[in-house]
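Heads up: the structure comes next, in structure tokens.
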Amino acid sequence: MTVAKRSVLVLDCSEPEALAEFYAGLLGAEVRRCPDPDFVEVVGHDGVRLAIRRDHGYAPPSWPRPDDSQQAHLHIQVAAADMDEAEREAVGLGARPVEANDTTGFRDVRTYADPAGHSFTLMAAADT
């Protein structure tokens, strides 16, 4: 029998509380402080769980530039009809669009950097 497990993506940054607030706002989730002051969790009502950890020597990833690795990349599924609104929410919370080849017309995949520099993608999904 396999022991029940849950995976949690942990993002490193210099200011975990601020990054946790960004993702809580983006995902409609809540921030949970942990006993360890360098660790914060973001927990959503649909089972979304992220952890944010303070790295005192943090350097943001440079992706998509080739001189550094991507480190981590989140895909956040959004109903196709809600892509423009999801983009406005993300940018309003502090996300920065990552340059795209074609920014005209409907785009079903849109890539951003969060306030700490991690990349994430809003993706249109028919069943969201």
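Every number here is computed from the coordinates shown, using simple stated rules; none is lab data. Everything numeric here is computed off the predicted structure, so don't read it as measured data.
Full extension of the chain segment joining SER14 with CYS34 gains 5.6 nm, where the gain is 0.36 nm per residue of separation less the Cα-Cα distance. Residue by residue, the range 13-27 carries 3J(HN,Hα) couplings of 6, 8, 10, x, 5, 5, 5, 4, 5, 4, 5, 4, x, 5, 9 Hz when phi is fed to the Karplus relation 6.51 cos²θ - 1.76 cosθ + 1.60 (θ = phi - 60°); x denotes Gly or Pro.
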